[in-house]
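Some notes on the structure that comes next.
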Amino acid sequence: MNLKKLIDEDRFGGVFRVHRSAFTSAEIAALEQAHIFQRCWLYLGHESELPNAGDFRRRTVAGQPLFWVRGSDAQMRVFYNSCTHWGANVCRVDEGNAELFQCFYHAWTFNNQGDLVSVPDEAAYGEGFHKEAMGLTSPPRVDNYRGLYFVSFNRDVEDLISYLGNAKEYIDLILDQAEEGWRVVPGTQKYSVRANWKMFSLNSLDSYHVRPLHSTFFKYTESLGSGDPPPLPPIDFPGAQGRSLSLRNGHGIDIFPSLARARPIAHWHPILGEESKEEIRKRRAGLVEKFGEERAYLMCNTNRLMLIYPNFALHDIAGVSLRYFEPVGQEYMEVTVQTLAPRGESAGLLNRRLENFLSFLGPGGFAHPDDIEAMESAQIGFRAGGPEWIDASRGMHREATALDELHVRAFWRQWHANILGYAKAERHHDALDGERISEGTKR
């Protein structure tokens, strides 16, 4: 397989294609594990999931069994979920609170700071056995940005702030909406999709599919009426289609005027209920006072579909959702979905938020079943004979709208650089000025 020819790009002719083997090849899936999932920053969870000392969550990240715990000293730590004796899992439930973790195999016991504190018949071990050196081990890098925790299995990975690049600005635009901070609402969705993980990354960026694939949702919201008219944008903002942006390092975003006014930090819409109108207006007024009319407009009256490369989607449409997708082989993934809510939100508005979130992104909602069916259908199509390429050329010849695929191409350029063994793609945007093409920076 010639890896350099996985992408076919004619910048001046406006054509960008990706070979379909990117979705079906076991060889490529192995390269992704080695050069992407073992080398990038990967999302772990939100700090609100561990509010108290002893709280823990079990996770699988890039195939690695981990657990995340707030120690009795209040510090958060991440450990490989593997006993330092014979390797069995020491954390065997998804969440809870514990001072100690005991391996069920031989009863070695660790505290919630990772120290080995008890070994049955410790006198049976000789002088060279040092219990203090046998504590649980952690991934090489753990860090967070504004409570969003990430891990990397690459000791030499760049710092998280640099990795997030221009995505930080848009993370801030979401998280600044709640002065009191955010919390993950209890109730996690977990499901599987019979498709390559990159389909979810691409679907998380793509607005081109939204109107045709989710037409039932728009018919429903339009039947409810338009609600209060949105304020005119106080800034030079693109029209109804919005814009797509590359945020460097493979990250990307669509930003556009609110589709259905379904977010509880926005102007009022009937889907939010008459009783929520006053609270929403007060929240918006508070944001205008703190940040000014221009930034408040971006917070309240636009939506964002953002991907943090490679596999973490942060969306603020129909609520603020966190979605991450774990590849299992080349044609299967496991997906986790959560939603954030402001800590001080009223019970009534929180219920409306969850209703909107579930009605759009829930297992039986308007969007997710459509998306899953489309992704699985595409995966079946990738295995068919005939076409060799998928196309991602839309908008190459113009300033990209949110319906164009600029950010999709940026994702593919970063992916291709990684597959070829480079840390970064040299070019993260479309260029029509004849700039020199470089394969990137070698790791």
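Contact order, relative form, for the chain: 20 percent (alpha carbon pairs under 8 Å, 6 or more residues apart, mean separation divided by residue count). For Ser118, the amide hydrogen comes within under 5 Å of the amide hydrogens of Thr109, counting only partners 5 or more places away or on other chains and with H modelled in the peptide plane.
Between Leu322 and Gln338, Thr339, Leu340, the built amide H atoms are under 5 Å apart, and every one of these is 5 or more places off in sequence or on another chain. Computed from the Cβ-Cβ distance with R0 of 45 Å, the FRET efficiency linking Trp389 to Glu95 stands at 0.55. Each residue of the stretch 34-49 was assigned a 3J(HN,Hα) from its phi angle through the Karplus curve 6.51 cos²θ - 1.76 cosθ + 1.60 (θ = phi - 60°); the sequence is 6, 9, 10, 6, 9, 10, 8, 7, 10, 5, 10, x, 9, 4, 5, 6 Hz, with glycine and proline shown as x. The mean sequence separation of alpha-carbon pairs under 8 Å and at least six residues apart, normalised by the residue count of the stretch 45-145, gives a relative contact order of 22 percent. Ranked by the mean number of other Cβ atoms within 10 Å per residue, highest first, peptides 301-314, 144-157 order as 301-314, 144-157.
For Lys4, the lysines whose Cα comes closer than 27 Å to its Cα, not counting residues fewer than 8 places off in the same chain, are Lys198, Lys424, Lys442. With each label modelled as a point 7 angstrom along the Cα→C-beta vector, the Ala240-Asn166 pair spans 2.7 nm.
Using the rule -39500 (n - 2.57) for each DSSP H run of four or more residues, divided by the residues of the chain, the 222 nm mean residue ellipticity is -7500 deg cm²/dmol. Checking Cβ-Cβ separations below 4.7 Å across the chain identifies Cys40, Cys91, Cys300 as cysteines lacking any candidate disulfide partner.
For the chain, a simple Cβ point-charge model (Lys and Arg +1, Asp and Glu -1, everything else neutral) yields a dipole of about 520 debye relative to the Cα centre.
Count charges around Gln113 for me, please; just the other residues with Cβ under 13 Å from its Cβ, Lys/Arg as +1, Asp/Glu as -1. It would help to have the intermediate numbers written out before the result.
Working: positive: Arg70, Arg77; negative: Asp73, Glu99, Asp115, Glu132.
With Lys, Arg at +1 and Asp, Glu at -1, the net is -2.
Evaluating 6.51 cos²θ - 1.76 cosθ + 1.60 at θ = phi - 60° for every residue in the stretch 75-92, the Karplus couplings come out as 7, 8, 9, 10, 10, 5, 7, 8, 5, 6, 8, 10, x, 5, 5, 9, 10, 10 Hz, glycine and proline recorded as x.
Taking only C-alpha pairs under 8 Å that are 6+ residues apart, what is the relative contact order of the stretch 176-424 in percent?
31
Residue-wise HN-Hα couplings along the stretch 94-102, as the Karplus relation 6.51 cos²θ - 1.76 cosθ + 1.60 with θ = phi - 60° gives them from phi, are 6, 7, x, 9, 7, 8, 10, 10, 10 Hz; Gly and Pro carry x.
Taken about its Cα centre, the stretch 136-224 carries a charge dipole of roughly 580 debye when the Cβ of each Lys and Arg holds +1 and the Cβ of each Asp and Glu holds -1. Summarising the amide proton neighbourhood of Asp430: residues at separation of 5 or more, or on other chains, whose placed amide H is nearer than 5 Å comprise an empty set. With bins 10 Å wide beginning at 0, the percent of Cα pairs of the chain falling in each bin runs 4, 20, 29, 25, 15, 6, 2, 0.
None of the figures in this text is laboratory data; all of them are computed from the coordinates on show. Given the structure is predicted, the values throughout are model-derived calculations rather than measurements. Every residue, glycine as well, gets a Cβ built from its backbone with ideal geometry; the counts of neighbours run over all protein chains shown.
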